[in-house]
Amino acid sequence: VKLYSLPGSHPCAAVEVALRLKKIDYKRIDLLPLSQIAIGPLLYGGATVPGLRIDRERLAGSRTIMRRLDTLAPEPPLLPPLSDAVARARVLEAERWGDEVLQSVPRRLLDAAFLRNSKCMESYAGDAKMPLPRPLLRPALPLTATLMAKRNKADDAKARADLVALPAQLEHIDAWISDGVLGGEQPNASDLQIGSSIRLLMTIADVRPLIEGHRALSLTRWFEPQAGEVPAGTLPAEWLPTPVTN
């Protein structure tokens, strides 16, 4: 099993935790930012990450991979059983929301931050084994930040709107935890999908106060500490809503 990943990618982190929970031996292959557009279709059948190869089988996207992992190694399951249709549907809906709505929020906020401070991008590489030496990659960081923002359709207006919407999104996650959809003793697919985004958001110092005090923060417990840090003051202060303490 080969996992194709990008440094700092939260959906990749979600799949990696799932692989470890299921005790599936795998090799992680770290790609250069944006290289997945060209080589992803050849390696695993997609132009985004995560990608997975199981022998000759090729898979792309965290939700697709999660479903395959449940057939490859049924225990522990990432979804409630088919016999509990209501619980299964609720977890699938939370996972879908985490993928289609929340996942883009940290991505756009980081793009906005990297455009202002491209030097902090390197901190997100963590222990990644990059195809090129990091000193050779540093001069390209400003251009990489610009291209990433363009690919993710991220701009200041969208980042500011994301910050305005984030408190309500955190309340939404808190409600799912209260209802037992998220936050159980064993993580399900939606815990990993949403928890990975919360963990990445916590690396942005200006955003942390918005998350602290929310039950949503507990979903990060399934993950190792996230590499990377965006220093306080990188995002304009006028963008930030007032934190709400629960």
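Only one of the listed residues (17, 49) is among the β-branched types (Val, Ile, Thr), surrounded by 19 or more Cβ atoms within 10 Å (Cβ to Cβ) and within 17 Å of the chain's Cα centre (by Cα). That residue is 49. Kindly check whether there is at least one residue in region 71-91 that is among the charged types (D, E, K, R), touching a helix residue (DSSP H, G or I) at 6+ places or on another chain (Cβ under 7 Å) and either free of Cβ contacts under 8 Å to residues at least 60 places away in the same chain or open to solvent by less than 50 Å² (accessible area, probe 1.4 Å) (or both). No.
For region 168-188, does any single residue satisfy the condition of being out of contact with any helix residue (DSSP H, G or I) (no Cβ under 6 Å at 6 or more places or on another chain) and closer than 25 Å to residue 128 by Cα? No, region 168-188 contains no residue that is out of contact with any helix residue (DSSP H, G or I) (no Cβ under 6 Å at 6 or more places or on another chain) and closer than 25 Å to residue 128 by Cα. Against the condition closer than 20 Å to residue 106 by Cβ, among the aliphatic types (A, V, I, L, M) and either out of contact with any strand residue (DSSP E or B) (no Cβ under 8 Å at 6 or more places or on another chain) or touching a residue at least 24 places away in the same chain (Cβ under 8 Å) (or both), how does residue 17 come out, does it pass? Spelling it out, residue 17 is indeed closer than 20 Å to residue 106 by Cβ, among the aliphatic types (A, V, I, L, M) and either out of contact with any strand residue (DSSP E or B) (no Cβ under 8 Å at 6 or more places or on another chain) or touching a residue at least 24 places away in the same chain (Cβ under 8 Å) (or both). A search for C-beta distances below 7 Å between a residue of region 34-62 that is closer than 16 Å to residue 99 by Cβ and any residue that is in a strand (DSSP E or B) and among the aromatic types (Phe, Trp, Tyr), counting only pairs 6+ apart in sequence or on different chains, returns 49/4; 50/4; 51/4.
Of the residues that make up region 203-220, is at least one closer than 14 Å to residue 95 by Cβ, among the small types (Gly, Ala, Ser) and in contact with a Leu (Cβ under 9 Å, 6 or more places away or on another chain)? Break it down into steps so the answer makes sense when it comes.
So in region 203-220, the residues closer than 14 Å to residue 95 by Cβ come out as 219.
Keeping just the survivors that are among the small types (Gly, Ala, Ser) gives none.
No: region 203-220 contains no residue that is closer than 14 Å to residue 95 by Cβ, among the small types (Gly, Ala, Ser) and in contact with a Leu (Cβ under 9 Å, 6 or more places away or on another chain).
In region 182-205, which residue that is part of a helix (DSSP H, G or I) and without any contact (Cβ under 8 Å) to a residue 60 or more places away in the chain is nearest to the chain's Cα centre (by Cα)? Only one residue tops the list, namely 198. Restricting attention to region 24-38, does a residue exist that is modelled with pLDDT of 95 or more, farther than 20 Å from residue 147 by Cβ, assigned to a helix (DSSP H, G or I) and out of contact with any His (no Cβ under 6 Å at 6 or more places or on another chain)? No, region 24-38 contains no residue that is modelled with pLDDT of 95 or more, farther than 20 Å from residue 147 by Cβ, assigned to a helix (DSSP H, G or I) and out of contact with any His (no Cβ under 6 Å at 6 or more places or on another chain). Each residue in region 111-140 was checked for being in a helix (DSSP H, G or I) and in contact (Cβ under 8 Å) with a residue 24 or more places away in the chain, and 13 of them qualify. Taking (1) without any contact (Cβ under 8 Å) to a residue 12 or more places away in the chain; (2) loosely packed, with under 14 Cβ neighbours inside 10 Å; (3) of a type outside the set (Asp, Glu) in turn, residue 208 satisfies each apart from (2).
Within region 105-127, is there a residue that is in contact with a Leu (Cβ under 9 Å, 6 or more places away or on another chain), surrounded by fewer than 20 Cβ atoms within 10 Å (Cβ to Cβ), aliphatic (A, V, I, L, M) and within 25 Å of residue 14 (Cα to Cα)? The answer is yes; a qualifying residue exists.
Suppose the filter is surrounded by 13 or more Cβ atoms within 10 Å (Cβ to Cβ) and either of a type in the set (Asp, Glu) or over 17 Å from the mean Cα position of the chain (by Cα) (or both); does residue 42 pass it? Here the answer is no, as residue 42 does not meet what is asked. Filtering region 218-239 to residues that are buried (at least 16 other Cβ atoms within 10 Å of the Cβ) and modelled with pLDDT of 95 or more leaves 218, 219, 220, 222, 223, 228, 230, 234, 235, 239. Name the one entry in 53, 67, 63, 108 that is basic (Lys, Arg), assigned to a strand (DSSP E or B) and modelled with pLDDT of 95 or more. Matching residue, one of 53, 67, 63, 108: 53.
The values are calculated or read from the model by the stated rules, or taken from the named source; none is laboratory data. Only a predicted model underlies this, so the values are computations on that prediction, with no experimental measurement involved. No Cβ is skipped: glycine too gets one built from the backbone with ideal geometry, and neighbour counts run over all protein chains shown. In case anyone asks, the SASA skips ligands and DNA or RNA and just uses the protein heavy atoms, side chains included. Shrake-Rupley method; radii C 1.70, N 1.55, O 1.52, S 1.80 Å.
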